[in-house]
Amino acid sequence: MVEKLSADARATLLRELDGWEEVDGRDAIIRKLKFKDFNEAFGFMTRVAIQAEKADHHPEWFNVYNRVEVTLTTHDCNGLSERDEKLAKFIDRIAG
Ligand SMILES: C[C@H](O)[C@H](O)[C@H]1CNC2=NC(N)=NC(=O)C2=N1
């Protein structure tokens, strides 16, 4: 069972993260990233995919050439959980 973050934990998380925004109309966060080219973007996605599979927590994402948009939420609790926190922090570490 996965629990939603408390309102406090959620607010703290949004302050700690780098460039994430709340998604309109749903309990989710999105970060829009731009890379030098497709190779850099896909390299990033590969690293996130390996981490996501390990943690059994998967992003919703969109890619065109050098742009990647990552949306995080936890379907199992219909909102943000510690799983999103961990994956968002991983993404911030590797995105620089
Ligand atoms: C059965 C399996 O553990 C679940 O479906 C996992 C897989 N990946 C997931 N990813 C995300 N983003 N949210 C989930 O609730 C989720 N649940």
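The values are calculated or read from the model by the stated rules, or taken from the named source; none is laboratory data. None of the values given here were measured: they were computed from a predicted structure. Cβ placement follows ideal geometry from the backbone for every residue including glycine, while neighbour counts extend to all protein chains displayed. Accessible surface areas use protein heavy atoms only, side chains included; no ligands, DNA or RNA. Shrake-Rupley method; radii C 1.70, N 1.55, O 1.52, S 1.80 Å.
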Conditions (1) at pLDDT below 95; (2) open to solvent by less than 60 Å² (accessible area, probe 1.4 Å): number failed by MET1: (2)
Qualifying strands (runs of 3 or more DSSP E) (wholly inside the range 8-65; at least 2 residues being over 13 Å from ILE91 (Cβ atoms)): 20-22, 60-64
State whether one or more residues within the range 22-40 are touching a residue at least 60 places away in the same chain (Cβ under 8 Å) and on the phi < 0 side of the Ramachandran plot. yes
Being without any contact (Cβ under 8 Å) to a residue 40 or more places away in the chain and within 17 Å of ARG10 (Cα to Cα) is the filter; apply it to the range 57-96 and report the residue that is nearest to the ligand (Cβ to nearest atom). HIS75
Going by the conditions given, is LYS54 of a type in the set (D, E, K, R) and either within 15 Å of the ligand (Cβ to nearest atom) or surrounded by 13 or more Cβ atoms within 10 Å (Cβ to Cβ) (or both)? yes
Against the condition in a strand (DSSP E or B), in contact with a strand residue (DSSP E or B) (Cβ under 7 Å, 6 or more places away or on another chain) and open to solvent by less than 40 Å² (accessible area, probe 1.4 Å), how does ILE91 come out, does it pass? no
